[in-house]
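The values are calculated or read from the model by the stated rules, or taken from the named source; none is laboratory data. Given the structure is predicted, the values throughout are model-derived calculations rather than measurements. Note: ideal-geometry Cβ built from the backbone for every residue, glycine included; neighbour counts use all protein chains shown.
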Amino acid sequence: MKDSQQLGVVSQKDLRALSAAGAVQGATIQTDGEGGLIVILEMGEQRRLLGHARKREPRRFMSFDAAASALQQNGITTFRAETNGWTPRYQTYRNSGA
C-alpha cells in the first residue's frame, strides 16, 4: 500500500456522482500489503482511493466480494483485479485444518 498512500481519497458519495457523470475511467481492486484489499479509481490523469462514506480515509476490504460490490453499487461494473499476495478468508480457514 506504500504507493497508494500518496493518493487522495474519494468518498462513496462522491464516487456515485463521479461515476454518474462518466468521470471514472477505470478501477482496480488490489492488495493493500497488509492482508486486505483497496480500490483505486482512475479519473483522467488522477488516481484516487475509495474511502469510507463519512471519513476521508481509505476503505479497506477483507473480501473480494465486498470490494466488487462497492464498485457495482456505484455504477462501476468493469474493473481490474491485482490480488498477488492476498489470500481469501475461506482459503485461510480451509488451510488451518478446521
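Summary table below
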| quantity | calculated |
| --- | --- |
| Strands (runs of 3 or more DSSP E) contained in the stretch 28-98 and holding at least 2 residues over 14 Å from Val10 (Cβ atoms) and modelled with pLDDT of 85 or more | 80-82 |
| Qualifying residues in the stretch 29-53 (those that are surrounded by 16 or more Cβ atoms within 10 Å (Cβ to Cβ) and of a type in the set (S, T, N, Q)) - the one nearest to Thr77 (Cα to Cα) | Gln30 |
| Among residues of the stretch 17-27, those that are touching a helix residue (DSSP H, G or I) at 6+ places or on another chain (Cβ under 6 Å) and not in a loop (DSSP other than H, G, I, E, B), counted | 1 |
